[in-house]
Amino acid sequence: MTSAAISEETLLPYEWPGSYFIGEEEIDAVTKVLLARSPYRFYGHDLQHYADQVEDFYRERLGRKNAVLVNSGTGALSVAIAAADVGPGDEVLMPGYLWVACLSAVVRAGGIPRLVEIDDTFTMDPDDLERKISPRTKAVLLIHMSGACGNVEKITEICKRHNVLLIEDTAQANGASFHGKPLGSFGDMAIFSFQYNKNATAGEGGLVVSDSEDLGNRAWAYHDVGYTRNAKGRVDPGSPVQSWGQCTHMSEVSAAMLLQQVKKLELITGTMRRHNQQLYAGLGQIPGAKPRRILDPAGDSGPFVLITWPTAEICENIVNMTRAAGVRPGPDGIGNIRMTDWGMHIYYNNVSLLEKHGVNSAGRPWSDPLNEWAKDIDYHKGLLPQMDDLIERTCLITVSPQLTPELCDRIIEIYKDCAAKLGLS
Ligand SMILES: Cc1ncc(COP(=O)(O)O)c(C=O)c1O
């Protein structure tokens with residue numbers, strides 16, 4: 001485990017969760033794959049079966065029947081959306097607080113993304129989902145943003161009642177749970193990311209899980225060459241799915257590293273959760289400061305703290321003042337920011353969406369005749385007034401495993417001082 005030096009002026013360490021815990025185990029496992037000269041998961045001189053082991057780990061952890069590793073969370077979303085049979089004529093509902101890949105998976109499949117409000121959990125607002133769900137809705141994407149769960153109970157119930165497929169995006173909340181049940185075990189399907197800044201990392205990587213045989217076969221085929229494989233790992237010409245795949249397998253090198261990381265998942269998330277709970281408890285004492293509503297604090301995977309302030313002006317001032325006082329990971333770091341500055345996580349920062357760019361010069365999916373019904377749907381700031389208001393008043397603090405109780409206390413103290421200067425005392 002490395003321990004980067006913490007500058008005196010910068011109180012937010014900049015290590016990412018999974019990578020901070022890279023140690024001898026990862027080095028040994030990757031070396032084993034290289035010494036075996038077997039970096040491909042389906043055959044090799046001396047195959048180590050690391051990809052199989054990671055899939056087994058998640059099947060068991062989540063109580064799922066099917067798991068397939070892919071090479072990114074973006075790839076996982078594409079596979080899940082393809083397995084859900086989304087195409088022209090369909091809409092997929094998702095919250096406006098998201099990542100660009102959530103939108104692009106739907107757009108590239110030829111479907112139309114429709115945006116739903118978030119509430120003070122910073123995940124999909126079930127009431128707005130209820131208002132917007134329609135006969136066009138092929139799937140709902142519940143994104144467990146910023147480390148903690150969305151309203152899985154209500155949203156599962158709404159999807160069941162409307163007979164609509166629920167896909168959980170657990171990219172930012174690997175290791176999180178809701179009342180003891182791991183996220184990723186609620187929807188018809190769920191995806192994960194193992195990219196560098198995630199709770200467990202292989203540099204890049206993703207996973208799709210499901211229970212039904214049909215979704216499992218389809219997810220496998222789309223992540224592969226469009227067909228499932230036989231017991232010997234060969235592409236099966238008699239596959240129950242015969243379609244077109246994207247060949248987004250994970251290599252054994254990545255899987256070897258990933259298996260070591262996922263074995264440390266409780267350690268990684270437990271470390272962050274302790275800091276996160278200390279920060280929430282301390283910052284929550286400041287008059288006017290409202291911590292994110294977390295439906296199950298014990299199940300928060302810990303990498304973020306979100307605090308909402310009475311006005312946008314107070315939020316801007318407090319972020320500027322606390323950053324100037326050292327609550328930042330270096331001068332340009334994004335560890336303590338207003339949420340409006342959170343880039344492509346905010347729907348109205350995505351130009352391709354606002355300008356409805358197509359995936360090709362024909363302008364698909366917007367120009368597709370089967371999407372004629374969607375011609376009046378547009379995307380602009382103001383589309384989700386509840387979310388727009390919330391994020392203008394909210395600051396986001398990244399929680400590195402490298403924090404310490406002393407650093408957390410110092411951050412709380414600085415926030416309290418700055419709040420008092422702004423009349424919040
Ligand atoms: C909510 C969400 N979904 C999907 C992804 C895509 O994952 P990846 O970066 O592995 O492609 C991310 C990545 O940050 C994400 O935050």
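The values are calculated or read from the model by the stated rules, or taken from the named source; none is laboratory data. Fair warning: this is a prediction, and the values are worked out from it, not measured in the lab. Note: ideal-geometry Cβ built from the backbone for every residue, glycine included; neighbour counts use all protein chains shown. For accessibility, only protein heavy atoms count, side chains too; no ligands or nucleic acids. Shrake-Rupley method; radii C 1.70, N 1.55, O 1.52, S 1.80 Å.
Cβ contacts < 9 Å: first residue more than 25 Å from A176 (Cα to Cα) and modelled with pLDDT of 80 or more, restricted to segment 2-31; second residue among the charged types (D, E, K, R) and open to solvent by 10 Å² or more (accessible area, probe 1.4 Å), any location; separation 6+ or different chain. Result? If the second residue must be among the charged types (D, E, K, R) and open to solvent by 10 Å² or more (accessible area, probe 1.4 Å), the pairs left are L11/R328; L11/R410. Taking the conditions (1) in a helix (DSSP H, G or I); (2) not assigned by TED's automatic domain parsing to the domain that holds G284 in turn, I377 satisfies each one other than (1). The residue of segment 208-250 that is surrounded by the fewest Cβ atoms within 10 Å (Cβ to Cβ), among those that are assigned to a loop (DSSP other than H, G, I, E, B) and among the charged types (D, E, K, R), is K232. Annotation note: of L77, L93, the sole residue that is part of a helix (DSSP H, G or I) and either within 14 Å of the ligand (Cβ to nearest atom) or within 22 Å of M344 (Cβ to Cβ) (or both) is L77. Taking the criterion of being surrounded by 15 or more Cβ atoms within 10 Å (Cβ to Cβ) and not aliphatic (A, V, I, L, M), the residues of segment 342-357 that qualify are W342, H345, Y347, Y348, N349, N350, S352, K356.
Of all the numbered requirements in (1) closer than 23 Å to L207 by Cβ; (2) open to solvent by less than 40 Å² (accessible area, probe 1.4 Å), I286 misses one, and that requirement is (1).
In the set V327, V305, V319, only one residue is part of a loop (DSSP other than H, G, I, E, B) and more than 16 Å from the ligand (Cβ to nearest atom); that residue is V327.
Against the conditions (1) over 30 Å from E355 (Cα atoms); (2) open to solvent by 30 Å² or more (accessible area, probe 1.4 Å); (3) assigned to a helix (DSSP H, G or I); (4) in contact (Cβ under 8 Å) with a residue 60 or more places away in the chain, R108 satisfies every one except (1). Look at segment 371-397: where a residue is farther than 22 Å from D127 by Cα and a partner is open to solvent by less than 80 Å² (accessible area, probe 1.4 Å) and among the basic types (K, R), sitting 6+ places away or on another chain with Cβ atoms under 6 Å, you get C395/R338. Residue pairs whose Cβ atoms lie under 7 Å apart, separated by 6 or more positions or on different chains, with the first residue in segment 264-286 and in a helix (DSSP H, G or I) and the second among the acidic types (D, E), are R273/D300; N276/D300. Per this entry, R136 is counted among residues that are more than 21 Å from P182 (Cα to Cα), in contact (Cβ under 8 Å) with a residue 24 or more places away in the chain, surrounded by fewer than 19 Cβ atoms within 10 Å (Cβ to Cβ) and away from the ligand (no atom under 16 Å from the Cβ). The requirement of being open to solvent by 10 Å² or more (accessible area, probe 1.4 Å), within 11 Å of the ligand (Cβ to nearest atom) and at negative phi is satisfied by A202. Scanning segment 173-199 for residues that are more than 10 Å from the ligand (Cβ to nearest atom), out of contact with any strand residue (DSSP E or B) (no Cβ under 9 Å at 6 or more places or on another chain) and open to solvent by 50 Å² or more (accessible area, probe 1.4 Å) yields a total of 3.
Residue-wise test of (1) within 12 Å of the ligand (Cβ to nearest atom); (2) in contact (Cβ under 8 Å) with a residue 40 or more places away in the chain; (3) among the charged types (D, E, K, R); (4) buried (at least 23 other Cβ atoms within 10 Å of the Cβ).
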position	(1), (2), (3), (4)
G73	yes, yes, no, yes
D85	no, yes, yes, no
P88	no, yes, no, no
V100	yes, yes, no, no
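Within the span defined as segment 35-45, one or more residues are closer than 22 Å to K232 by Cα, buried (at least 16 other Cβ atoms within 10 Å of the Cβ), over 20 Å from the mean Cα position of the chain (by Cα) and not basic (K, R). In segment 111-125 there is at least one residue matching the filter, namely being open to solvent by less than 10 Å² (accessible area, probe 1.4 Å), without any contact (Cβ under 8 Å) to a residue 60 or more places away in the chain, in contact with a Gly (Cβ under 6 Å, 6 or more places away or on another chain) and within 16 Å of the ligand (Cβ to nearest atom).
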